[in-house]
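Quick note: the coordinates plus some simple rules give every number you see, no bench work behind them. Just so you know, these numbers come straight off a predicted model, no measurement behind them. Don't worry about glycine lacking a Cβ; one is built from the backbone with ideal geometry, like all the others, and counts go over all protein chains shown.
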Amino acid sequence: MKQTAVEWLISKIERNKNPSITQKEVVEYIEQAKEMEKENTDNKVIHFAEWLTKKHSYTLMALYEHFEEEFYNDKL
């Protein structure tokens, strides 16, 4: 299983248990972990959309047609 951002952050901090680790380094690790978490979330959404499209393409097309009629016909 892929390492989570929190697991990565903990391992980074544990590897640098020496007293010379600076607050700036810790902040940088936290920012990197946040970016990793955002990327993981984005990837999860993309994979879900791909799965949904493959499994339910006819339903999605019908919903899109309904959306188009409702949204765009109301605007015209």
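Listed by chain and number, the aspartates and glutamates placed with their C-alpha closer than 16 angstrom to that of residue 38 are 7, 28; residues fewer than eight positions away on the same chain are left out. The translational diffusion coefficient of region 1-59, from Stokes-Einstein at 10 °C and 1.306 mPa s with a Kirkwood hydrodynamic radius over alpha carbon pairs, comes to 117 µm²/s. Measuring against 24 Å, Cα to Cα, the residue pairs 12/34; 2/24; 24/44; 34/55 contain 2/24; 24/44; 34/55 as the ones spanning a longer distance. Using the Cβ-Cβ distance between residue 48 and residue 23 with R0 = 35 Å, the FRET efficiency computed as 1/(1 + (r/R0)^6) comes to roughly 0.40. In order along region 40-53, phi translates into HN-Hα couplings of 4, 5, 4, 5, 5, 5, 4, 5, 5, 4, 5, 4, 4, 5 Hz, rounded to whole numbers, per the Karplus curve 6.51 cos²θ - 1.76 cosθ + 1.60 with θ = phi - 60° and x for Gly and Pro.
The residues packed around residue 33, meaning those with a beta-carbon under 13 Å from its beta-carbon, carry a net charge of -4 if Lys and Arg are +1 and Asp and Glu are -1.
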